[in-house]
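Inspection log for the structure reproduced underneath, given as structure tokens.
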Amino acid sequence: MMAMEGVILKLPSFSQLINPNFFPNRNFRFNFPKSSSSSSSSTASLSVPAAAPVSLGHSTRPDFQILHQNVNNGSKLVYLDNAATSQKPSAVIDAVNNYYRSYNSNVHRGIHFLSARATDEYEMARKKVAAFINASESSEIVFTRNATEAINLVAYSWGLSNLKAGDEIVVTIAEHHSAIVPWQILSERTGAVLKFVSLTEDEVPDIKMLQDLLSNKTKLVVVHHVSNMLASVLPIKDIAQWAHDVGARILVDACQSVPHMAVDVQNLGVDFLVASSHKMCGPTGVGFLYGKSELLAAMPPFLGGGEMISDVFLDHSTYADPPSRFEAGTPAIGEAIGLGSAIDYLSQIGMQKIHDYEIELANYLYEKLHTIPGVRIYGPAPSDTVHRAALCSFNVDGLHPTDIATFLDQQHGVAIRSGHHCAQPLHRYLGINASARASLYFYNTKEDVDDFIRALVDTIDFFTSFK
């Protein structure tokens, strides 16, 4: 049976109720119970059924104009590709537009009004990011182009300064390419060794294996918080403690967690953490690196140029303190301001509220998808102790995931992802080349899931009819 949610009962107004012409059936009348008292007057009572609560998805969808459109053959758009990028609420679009319309100027370098305001807003965005992840101070936040650049910043700045031949970097096979390739390049340059953690039978990274791999040779642990393919969630606080116990540092790819749950870097005890704006309702072109202040202070520059210097002489230069040291050139000012607006928007909703709603959506998606014959879902099954992220990577027996995604899009207006999701080693480990992925965000609804499931069944029926 289709789940119904967010149904609002529209009652007639008081003025309509007292208007004798309102009801087309003139014989209509309310049957009020007679009073049990001896008085000739009676007290009327009208029992009105309570309206069903409106889901978070329904209440926030009006803020996302892009979701209210028809695509391809006139089908209603059902956007389920949020692990790739999120949509942007009107408030974020307005904030970016307002910057370019009202106070577009370079930051940190001008004394005039526009530059001062742009600088204030840009630095306020940094403070918002710091507060959002509970960094101890805003100088621990470095703006980058994206999470990939943030990881490369750590690799080239911290890595080249701290790693030598024989040192070990522990990584899981479920990492995004951006958390594997930089360390491969670094290993080629330094002679450091990559150690990979495989999966358990439940298709989650083997935490026991990770713990066993740690030794006094380990200098860095690189892990995701939430897998963009398996939907699994790692115990980052425990992993950070294990890393520190052997004198290693930990870098966390939080691209799939920061947009969906409350993340507290001080509580987790991580050394470095990266995330991208575009996955958390912010603009593309900006991300951030969190680094402990003492680590950033000891790291050399990643890029050279304007803004990152203290003084420049012909024979040498001195460098600014973090975070300016790592933000060479003109930054993505409007994008950073947009990220700040996105954080305001998410914070107004509440990250715990978002997380709780998405757990409900995640379970609903998994259960519905699991009922379709021939569908293979990757990652752990949800339970009382295992909470999946709100995404499912899957394959259908005998069908290529790109054919599935193409038919869903062109015939039903359902947008999902197909391919290796920048996780080729993980796909090879699972014995596949590609998978389809449906991923949700807080503005999605159970009706979106129902539409997807119906469309997927139709897609499977279409392709199997030729066999």
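The values are calculated or read from the model by the stated rules, or taken from the named source; none is laboratory data. Since the structure is predicted, the reported quantities are computational estimates derived from the model, not experimental observations. Methodologically, a virtual Cβ is constructed for each residue, glycine included, from the backbone with ideal geometry; neighbour enumeration extends over all protein chains shown. Ligands, DNA and RNA are stripped out before the accessible areas are found, and what is left, the full protein with its side chains, is counted by its heavy atoms. Shrake-Rupley method; radii C 1.70, N 1.55, O 1.52, S 1.80 Å.
Of note:
- Note: relative contact order over the stretch 296-423, using C-alpha pairs below 8 Å and six or more positions apart, is 14 percent.
- Estimated at 0.36 nm per residue, the fully extended path between ALA131 and ALA116 surpasses their Cα-Cα distance by 3.2 nm.
- Degrees between helix 351-370 axis and first principal axis of the chain (Cα, 0 to 90, nearest 10): 80
- Residues whose amide H comes within less than 5 Å of that of SER86, counting only those at least five positions distant or on another chain, are LYS279, MET280, CYS281 (H built at 1.01 Å from N in the peptide plane).
- On Cα atoms only, tilt of 113-132 relative to the major axis of the chain in degrees: 80
- Per principal axis, descending, Cα span of the stretch 52-136 in whole Å: 52, 33, 27
- P(r) weight above 20 Å for the stretch 206-264, C-alpha pairs, percent: 25
- For the stretch 224-306, a crude dipole built from +1 on the beta carbon of Lys and Arg and -1 on the beta carbon of Asp and Glu, taken about the Cα centre, is about 180 debye to the nearest 20.
- The order of the peptides 306-319, 99-112, 172-185 by mean Cβ neighbours within 10 Å, most packed first, is 172-185, 99-112, 306-319.
- For the stretch 79-221, the Cβ-based charge dipole about the Cα centre amounts to some 660 debye (Lys, Arg positive; Asp, Glu negative; other atoms uncharged).
- When the GluC sites (Glu not before Pro) in the stretch 58-157 are filtered for DSSP coil states and for at most 16 other beta-carbon atoms within 10 Å of their beta-carbon, the remaining sites are GLU137.
- In the stretch 315-438, taking the dipole from charged Cβ atoms about the Cα centre, the farthest positive-side position among PRO323, GLN410, HIS400 is held by HIS400.
- Dipole in debye (nearest 20) - the chain, about Cα centre, beta carbon charges: Lys, Arg +1; Asp, Glu -1: 1160
- Part-to-part distance (alpha-carbon centres) for the stretch 149-227 and the stretch 333-404, which is given in Å: 26
- With a simple spin-label model that places each label point 7 Å from the Cα along the Cα-to-Cβ direction, the separation between ILE66 and ILE309 comes to 3.9 nm.
- Each residue of the stretch 304-311 was assigned a 3J(HN,Hα) from its phi angle through the Karplus expression (A = 6.51, B = -1.76, C = 1.60, θ = phi - 60°), giving x, x, x, 6, 8, 9, 9, 9 Hz with x at Gly and Pro.
- Rolling a 1.4 Å probe over the protein heavy atoms of the chain, with every protein chain left in place, gives an accessible area that is 52 percent carbon and sulfur.
- 0 to 90° range, to nearest 10: angle between helix 401-412 axis and the chain longest Cα axis: 40
- For the stretch 178-312, the extents of the C-alpha atoms along the principal axes are 55, 38, 28 Å, listed from largest to smallest.
- Difference of contour (0.36 nm per residue) and Cα-Cα distance, PHE462 to LYS195: 91.7 nm
- Value of relative contact order over the chain, rounded to a whole percent, pairs C-alpha under 8 Å and six or more apart: 20
- When you work out D = kT/(6 pi eta Rh) for the chain at 25 °C and 0.890 mPa s, using the Kirkwood radius from C-alpha pairs as Rh and the Stokes-Einstein form, the result is 98 µm²/s.
- All C-alpha pair distances within the stretch 151-254, sorted into 5 Å bins from zero, spread as 2, 14, 26, 26, 20, 9, 3, 0 percent across the bins.
- Accessible area per residue for the stretch 395-467, computed on protein heavy atoms with a 1.4 Å probe, is 41 Å².
- Linear extension gain, ASP202 paired with HIS370, 0.36 nm per residue minus alpha-carbon span: 58.9 nm
- Solvent-accessible surface of the stretch 188-247, taken per residue with a 1.4 Å probe and all protein chains present: 45 Å².
- Per residue, the accessible area of the stretch 59-162 comes to 47 Å², computed with a 1.4 Å probe over protein heavy atoms only.
- Table column - 3J(HN,Hα) (Hz), the stretch 173-189, Karplus curve with 6.51, -1.76, 1.60, x for Gly and Pro: 6, 8, 6, 5, 3, 5, 9, 10, 4, x, 6, 5, 4, 5, 5, 4, 7
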